[in-house]
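See below for the structure under consideration.
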Amino acid sequence: MELSALLHELHLGPAYSSETPRPSASPPPITELLSVLREKLIGPSSDSETSSLVSRVERLFQMADPHWLFLANQDGGWAELRAEYVSVVCALIGCAALPLCDDDCSSLPAAAYQSVPSRAVAVSSALAALLRTLGNGGGQSGVLHAVAPPVCVFAITHLQVQPWSSSSSRAAAHSLQEELLRAGGWRDSPHLLLGDGRQEEQQQEEEQQEEQQEKQQEEQGRKGILGGVLDVLQPQLTKDSWQRCESVKLVFAWTLLQVTRPSLSPHLSRLLPPSLLLNDHYRPENCMLGVRCLHHIVLNTTAADLRQFNRAEVVYQALFKHLYSTEPAVIQLVLSCLLDVLLVLETPPSSLGPSSSRRKSCRHDDVLRLVLTHMEAENKVALRRVYAAALPPYVDRMGVAVCRHLRRLQRVLLGYLEVSDPPEETSRLKILQVLQKTCRAAWPRMESRVDMLLCCLLKLLVSVSSDRQLSETVRQMLMDQTSLCLKLLDGCCHGDIQRVLQQVDSSCCSPEVLRCLATVSGDVTAAGVS
């Protein structure tokens, strides 16, 4: 079909409403056509009319002369051309927009998204046609960089495995994403967002210099579109609006997780507030997404930038309150993130040198104290496993300063070692690691606690050796770790445990237990006690 016939079929304005199409040799200025096209796309229409219009727009991008498609007016029309293309692209994307929730508390049923996948496939195909024309040398980088942010947001929205997507719409979105990377010469998604690591140039006040600037940018390297993507997302990421569209949080999280050090710091003021909003939400899935975003920010931002404007303290307080949660997945993410946040806020107690004055309590103490308090009273298996797995690095971080928490820590050790945790015995194995680290760090203070710990460890050996429900590997790991704990405790009390173990009645123990007890008489120094 010729261009003139297609324009006539689209009924773009009164000039093309007559029965005789306008000669193909004199098409209208592209900016005029795009303006009328945008109005038609955003106008009310049925699904069939929208699908037909989107299909014709796709054919327009496929068959029109690239020189005409990207021809700006002589009177400095580069900005107008880019603005018109952005408006048309946004209007196309609006044809497959997700319905909004009625309020910020409820979610839409899956049936509300029933028509979205088919529309997304059609829109993806039309946008891919435009990008293909741009990538084949028909366009210019200014138009591509202008339309890339909304196209990227649209593609990532429909790449998600969610109620508003289907296998066909996800495939179409993936093809659109690849077409976008190919059109701009970007290697992958991080390169798309960050470019070649250069800061985006500010636009000049006079539009006449736009074309020259674009040529200079091509010579200097590819620009990233992170700022443009954030501009698209920003209106929907406010406190009152982010919950109304289910896809916004997912696109934001995807965008943030692509940005790494050192490119994240310049955008920190725009990335941190939405992450805190997600973190503060009452739904566990939103809260977990927010914690992951905050952790990524902490890991990929310099400590100086995090301390500026008290940002690190804000993040710490936002995470600390989640320690009162009863969701295992939330607690696991929070405890891991807090370890890295604490490094930004203060020097680890294990790194502090000796001091004549009493050491002041710090945030590490606050976190460990609260964790031990919750561990002591916790009876849910899933939470016990999470706490037990998170405790060893905290004890490592405390060093000799763990002495301040020995009384509470001892109760946790005894309580967790007494309760079985089949089939992998994760909790017991982690708690044995905690005991080993405590013996190495606070050995002068362990002698007074040896009696209770020794009794608990011997009971553990006997219990594990007779538990045939455990696999051989798990049983051996438990007995090896228990033997190591006995060695370390023996070093803490200067060999007293060896003398006690020599009095054990061999008729009351299995051969496995006796073999473990025999290893305690080995080289204590080699076991790690100095």
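State whether one or more residues within the range 494-510 are closer than 30 Å to K380 by Cβ, in contact (Cβ under 8 Å) with a residue 40 or more places away in the chain, of a type outside the set (K, R) and assigned to a helix (DSSP H, G or I).
So in the range 494-510, the residues closer than 30 Å to K380 by Cβ come out as none.
No, there is no match, as no residue in the range 494-510 is closer than 30 Å to K380 by Cβ, in contact (Cβ under 8 Å) with a residue 40 or more places away in the chain, of a type outside the set (K, R) and assigned to a helix (DSSP H, G or I).
Here R187 clears all of (1) modelled with pLDDT of 90 or more; (2) in a helix (DSSP H, G or I) except the condition numbered (2). Pairs meeting the criteria (first residue in the range 290-314 and within 13 Å of C337 (Cβ to Cβ), second residue open to solvent by 70 Å² or more (accessible area, probe 1.4 Å) and assigned to a helix (DSSP H, G or I), beta carbons under 9 Å, at least 6 apart or on different chains) are R292/L257; C293/L257; H296/L257; V298/L343.
At least 3 residues being in contact with a Ser or Thr (Cβ under 6 Å, 6 or more places away or on another chain) and more than 17 Å from L34 (Cβ to Cβ) is the threshold, and among the helices (runs of 4 or more DSSP H) wholly inside the range 52-165 those reaching it are 116-133. Scanning the range 70-88 for residues that are under 39 Å from the mean Cα position of the chain (by Cα) and either under 19 Å from T133 (Cα atoms) or of a type outside the set (D, E) (or both) gives F70, W78, A79, L81, R82, A83, E84, Y85, V86, S87, V88.
Let's see how each residue does on (1) over 17 Å from L294 (Cβ atoms); (2) among the charged types (D, E, K, R); (3) free of Cβ contacts under 8 Å to residues at least 24 places away in the same chain:
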position	(1), (2), (3)
V330	no, no, no
V334	no, no, no
C337	no, no, no
V344	no, no, no
P349	yes, no, no
R359	yes, yes, no
C362	yes, no, yes
L368	yes, no, no
K380	yes, yes, no
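Can you tell me which residue in the range 143-201 is surrounded by the most Cβ atoms within 10 Å (Cβ to Cβ), limited to those that are over 17 Å from Q258 (Cα atoms) and in contact with a strand residue (DSSP E or B) (Cβ under 8 Å, 6 or more places away or on another chain)? Here the answer is H145.
Taking the options L489, L460, L484, name whichever one is in contact with a helix residue (DSSP H, G or I) (Cβ under 7 Å, 6 or more places away or on another chain) and either open to solvent by 20 Å² or more (accessible area, probe 1.4 Å) or among the charged types (D, E, K, R) (or both). Steps first, answer last, please.
Details: L489 fails: either open to solvent by 20 Å² or more (accessible area, probe 1.4 Å) or among the charged types (D, E, K, R) (or both); L460 fails: either open to solvent by 20 Å² or more (accessible area, probe 1.4 Å) or among the charged types (D, E, K, R) (or both).
That would be L484, the only listed residue that is in contact with a helix residue (DSSP H, G or I) (Cβ under 7 Å, 6 or more places away or on another chain) and either open to solvent by 20 Å² or more (accessible area, probe 1.4 Å) or among the charged types (D, E, K, R) (or both).
Among the residues of the range 6-54, which ones are of a type in the set (G, A, S), modelled with pLDDT of 55 or more and either in contact with a Lys or Arg (Cβ under 6 Å, 6 or more places away or on another chain) or surrounded by 13 or more Cβ atoms within 10 Å (Cβ to Cβ) (or both)?
To start, the set of residues in the range 6-54 that are of a type in the set (G, A, S) comprises 13, 15, 17-18, 24-26, 35, 43, 45-46, 48, 51-52.
Filter once more, so that each one left must be modelled with pLDDT of 55 or more: 26, 35, 43, 45-46, 48, 51-52.
Answer for the range 6-54, where residues must be of a type in the set (G, A, S), modelled with pLDDT of 55 or more and either in contact with a Lys or Arg (Cβ under 6 Å, 6 or more places away or on another chain) or surrounded by 13 or more Cβ atoms within 10 Å (Cβ to Cβ) (or both): S35, S45, S51, S52.
Would you confirm whether or not the range 249-258 contains a residue that is charged (D, E, K, R) and buried (at least 21 other Cβ atoms within 10 Å of the Cβ)? Write out each step before concluding.
The initial filter retains those residues of the range 249-258 that are charged (D, E, K, R), namely 249.
Now drop any that are not buried (at least 21 other Cβ atoms within 10 Å of the Cβ), which leaves 249.
Yes, the range 249-258 contains a residue that is charged (D, E, K, R) and buried (at least 21 other Cβ atoms within 10 Å of the Cβ).
The values are calculated or read from the model by the stated rules, or taken from the named source; none is laboratory data. This one's a predicted model, so the numbers in the text were calculated from it and none came from an experiment. Virtual Cβ from ideal backbone geometry, glycine too; neighbours counted across all protein chains shown. These area figures cover heavy atoms from the full protein model, side chains too; ligands, DNA and RNA do not enter into them. Shrake-Rupley method; radii C 1.70, N 1.55, O 1.52, S 1.80 Å.
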